[in-house]
1. Just to be sure before I move on: is VAL151 more than 15 Å from TYR185 (Cα to Cα), in a helix (DSSP H, G or I), open to solvent by 60 Å² or more (accessible area, probe 1.4 Å) and β-branched (Val, Ile, Thr) in the structure I sent?
2. Look through ARG207, ARG159 and report the one residue that is closer than 16 Å to VAL91 by Cα, among the basic types (Lys, Arg) and either open to solvent by 40 Å² or more (accessible area, probe 1.4 Å) or more than 26 Å from the chain's Cα centre (by Cα) (or both).
3. Looking at segment 100-123, can you tell me whether even one residue there is among the small types (Gly, Ala, Ser), more than 16 Å from the chain's Cα centre (by Cα) and either part of a helix (DSSP H, G or I) or crowded, with 19+ Cβ neighbours inside 10 Å (or both)?
4. Could you list, in sequence order, the residues of segment 72-94 that are open to solvent by less than 50 Å² (accessible area, probe 1.4 Å) and not in a helix (DSSP H, G or I)?
5. Restricting the first residue to segment 119-133 and requiring it to be farther than 18 Å from PHE206 by Cβ, which pairs with a second residue that is surrounded by 10 or more Cβ atoms within 10 Å (Cβ to Cβ) meet a Cβ separation below 8 Å and a spacing of at least six or different chains?
6. Checking the conditions here, which among LEU188, LEU228, LEU233 is in contact with a Leu (Cβ under 9 Å, 6 or more places away or on another chain), crowded, with 18+ Cβ neighbours inside 10 Å and not hydroxyl-bearing (Ser, Thr, Tyr)?
7. Would you please name the residue that is farthest from the chain's Cα centre (by Cα), looking only at residues in segment 188-204 that are touching a residue at least 40 places away in the same chain (Cβ under 8 Å) and not in a loop (DSSP other than H, G, I, E, B)?
Amino acid sequence: MNSATVRNLLVRGMLAGLAAGVLALVVAYLLGEPSVDKAISFEDAHSHEHEMEVVSRSLQSTAGLATGVLVYGVAFGGIAALAYCFALGRVGRFSPRATALLLSGCALLAVYVVPFLKYPANPPSVGDPDTIGKRTTLYFLMMVLSVLLAVAAAILGKRLAPSLGTWWATVVAVAAFAVVIGLAYAFLPVINEVPADFPAALLWRFRLSALAIQSALWGGFGLLFGELAERQLNPKPAKADSGRAVPAAN
C-alpha cells in the first residue's frame, strides 16, 4: 500500500470518525445525560459541601459534550484508519468493507467491552476521590492487557490455521483469549465503591448508556469507513455510455 493510498484512507478514517462521533453524540445526549443529571442530583442531595461550578451543567451537557465527543471521534478515526492499513490483507482474505467491520468489532471488544466488564463506568457520586488514580491505572492496565492478548490470539490463530483449519484455529485462539482474560479478572483487584443507597436502576442505566455510546461510535465507524475504503480500494468501473455511437463493421 503506497503512501498516497494510506493518506487517502487516513482522511476517510477521520471523516468517518467525525460522522460516527455525531452518532455517538446523539446517543450520549439522549441516553447518557439523563442518567448523569440524576446522579448529580443524588450527589447534591447527599453532600454537605456545595462547590461553585466553574462551568455550568448546561454548557457541559451541550457544547462541552459535543466538543469532547467529536474531537475524540476524529482522533480515534485517524488511529483506526492507520491500524486498518496495517491489518488489511493480514487478517484473512476479506474485502475492504468486511475488514473494516471485523476490525471495528474486535477493537470494540478488546479496547472497551473486556475492560468494561471488569471495571465498568460509574456515574458521578460513585467512587472515592482518593482512589481515582488507582482506579484509572487498573482500568488502563486491563485495556492494554486486553489489546495485547487480542493481538496474540490473532497471531496464534493464524499460525494454527495451516494445521487445524481456519475454523478450529479461530476456536482455539478465542478460547485461549477467554481463559487468560478470565485469569486477569480473577487476579486483578476488585473495586466496589458504589454507595449503599445509590439507586441500582440508575447505575444500570448509566452503564448501559456508556456501552451504547461506544457501540454507536465503533459500529458507525466500521460501517461508514468500510464503505469509503471499499470505494477507494475497489472502485467500480465506469459504465459505458449507452448513447455512444457504435462504429459500423467493415
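1. Considered against the rule, which asks whether it is more than 15 Å from TYR185 (Cα to Cα), in a helix (DSSP H, G or I), open to solvent by 60 Å² or more (accessible area, probe 1.4 Å) and β-branched (Val, Ile, Thr), VAL151 comes out as yes.
2. Details: ARG207 fails: closer than 16 Å to VAL91 by Cα.
Going through ARG207, ARG159 in turn, just one is closer than 16 Å to VAL91 by Cα, among the basic types (Lys, Arg) and either open to solvent by 40 Å² or more (accessible area, probe 1.4 Å) or more than 26 Å from the chain's Cα centre (by Cα) (or both): ARG159.
3. Looking through segment 100-123, none of the residues is among the small types (Gly, Ala, Ser), more than 16 Å from the chain's Cα centre (by Cα) and either part of a helix (DSSP H, G or I) or crowded, with 19+ Cβ neighbours inside 10 Å (or both).
4. So in segment 72-94, the residues open to solvent by less than 50 Å² (accessible area, probe 1.4 Å) come out as 73-74, 76-78, 80-81, 83-85, 87-88, 92.
Those that are open to solvent by less than 50 Å² (accessible area, probe 1.4 Å) and not in a helix (DSSP H, G or I): LEU88, GLY92.
5. Listed pairs, sorted by first residue: THR131/ILE191; THR131/GLU193.
6. Values: LEU188 fails: crowded, with 18+ Cβ neighbours inside 10 Å; LEU233 fails: crowded, with 18+ Cβ neighbours inside 10 Å.
Result of the check over LEU188, LEU228, LEU233: LEU228.
7. Result: LEU202.
The values are calculated or read from the model by the stated rules, or taken from the named source; none is laboratory data. These figures come from a predicted structure and were not determined experimentally. When we count neighbours, we look across all protein chains shown, and the Cβ atoms used for this are built from the backbone with ideal geometry, even at glycine. Remember, those area values only see protein heavy atoms, side chains included, never the ligands or the DNA or RNA. Shrake-Rupley method; radii C 1.70, N 1.55, O 1.52, S 1.80 Å.
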